[in-house]
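The values are calculated or read from the model by the stated rules, or taken from the named source; none is laboratory data. These numbers come from a predicted model, not from an experiment. Cβ placement follows ideal geometry from the backbone for every residue including glycine, while neighbour counts extend to all protein chains displayed.
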Amino acid sequence: MRYATGTILTATALALAAPAEAQTTTLRIQNHQSPESTSGGVIADFVENVEAMSDGEIDIEMFYSASVVGSVETFDAAASGILDCDMTNGSYQTGKNPAFQFVADTMGGYDTPLQYQAWVNEGGGREQINALYNPQGMTFIGAAIGGQESLNSTRPLRGPDDLVDFKFRSPPGMQTEIFAKLGASPIVMDFTEIFTALETGIIDGADASSLAVNVGLGIYDIAKHTTYPGFHSMSSDHLACRTDVWEAMPEAHRAIISTAHKAMAMDLMMRTLVENGEAVRDLPEQGVTLYDWSAEDRAAFRAAAQESWAEWAEKTPETAEIVQSHRDFIQRIGLSE
């Protein structure tokens, strides 16, 4: 059978011009933040940005406030296929390996969130974290950290002496040991249970989040005492996805999600800085007392934290490696001699 040359060229041109069918990605992600909080707000922006940048090819169903499974169960729910990604906190996984503590919060290590992000992105942190996550079937995408957290309390927190017999919500992990050494009574409970526990008097206070997030949660409606600037904790939430889901995405989709998450992390730092400042201005008018611990009191906490670093480094080879990675980077950027 013969075809006119023009017919062949026209058919070829049409075939080349026909757009390839776009590949779509659908993700179910859970976080442990309330939609009204500072972190919840930047997460909502992240979802919108990903969907806009991908022209709708990436669709994210985001679950807030641990609404599908408990916060501590989110990582496993993603790894097992109930969810696709986890946007909670690595400290919930210390039962798997103590090294997860140093993914989430070094407790007395870095002074600013940017320093921690530099460790993740420039200091080998990403590789250290994925050495933990990959064997669990998960891939670490990025970290999000607003700034130093503030303890809140229904009683004064003027210094270490006020920590004696202080019953407060604590995340699991090394923090409970540090505060117990200082005489406190940390109680591990889900992030979503804090408000009710404060209201009913089960706890005297909570290690929840930054001053700004605590305001968003309404904690200072009950707890009229808080530490600021923070000194004890600077906890980083993560975005981690099931490895087979992540690797099945088109490279462009992975780039969009990674880039949007880095933008989200920067937005969280900036928004926390601004909202913390506004809270410092407004909270005293609402009857809240802010406590700025002295250099000596902060040193007492840091000493207890560094003691725990050394103890945790002996727990597993992975913990020793990630602790040494932090120590090397802290020295590299001039935070220690």
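Against the test of being modelled with pLDDT of 90 or more, among the polar types (S, T, N, Q) and assigned to a helix (DSSP H, G or I), the options 7, 26, 74, 12 yield a single qualifying residue, 74.
When only residues in region 213-241 that are of a type in the set (Gly, Ala, Ser) and under 15 Å from the mean Cα position of the chain (by Cα) count, which is farthest from residue 129 (Cα to Cα)?
Only one residue fits best here, namely 233.
Confirm whether residue 92 is in a helix (DSSP H, G or I) and within 26 Å of residue 63 (Cα to Cα).
Judged against the criteria, residue 92 is a match.
So how many residues does region 50-67 have that are surrounded by 16 or more Cβ atoms within 10 Å (Cβ to Cβ) and within 20 Å of residue 34 (Cβ to Cβ)? Final tally of qualifying residues: 6. Residues in region 294-337 that are without any contact (Cβ under 8 Å) to a residue 40 or more places away in the chain and either at positive phi or not in a helix (DSSP H, G or I) (or both): 314, 334, 336, 337. Of all the numbered requirements in (1) at pLDDT 95 or above; (2) part of a helix (DSSP H, G or I), residue 290 misses one, and that requirement is (2). Of all residues in region 211-248, those satisfying the criterion of being over 30 Å from residue 24 (Cβ atoms), in contact (Cβ under 8 Å) with a residue 40 or more places away in the chain and in a helix (DSSP H, G or I) are 211, 212, 213, 214, 215, 216, 217, 219, 220.
Among the residues of region 95-109, are any surrounded by fewer than 16 Cβ atoms within 10 Å (Cβ to Cβ) and over 21 Å from residue 77 (Cβ atoms)? No, region 95-109 has no match at all. Contact annotation: residue pairs with Cβ atoms under 9 Å, 6 or more positions apart or on different chains, pairing a residue in region 184-200 that is part of a loop (DSSP other than H, G, I, E, B) with a partner that is among the charged types (D, E, K, R), are 184/165; 184/167; 189/169; 190/169. If you go through region 56-71 and keep only what is in contact with a helix residue (DSSP H, G or I) (Cβ under 7 Å, 6 or more places away or on another chain) and either closer than 15 Å to residue 138 by Cα or assigned to a strand (DSSP E or B) (or both), you end up with 58, 59, 60, 62.
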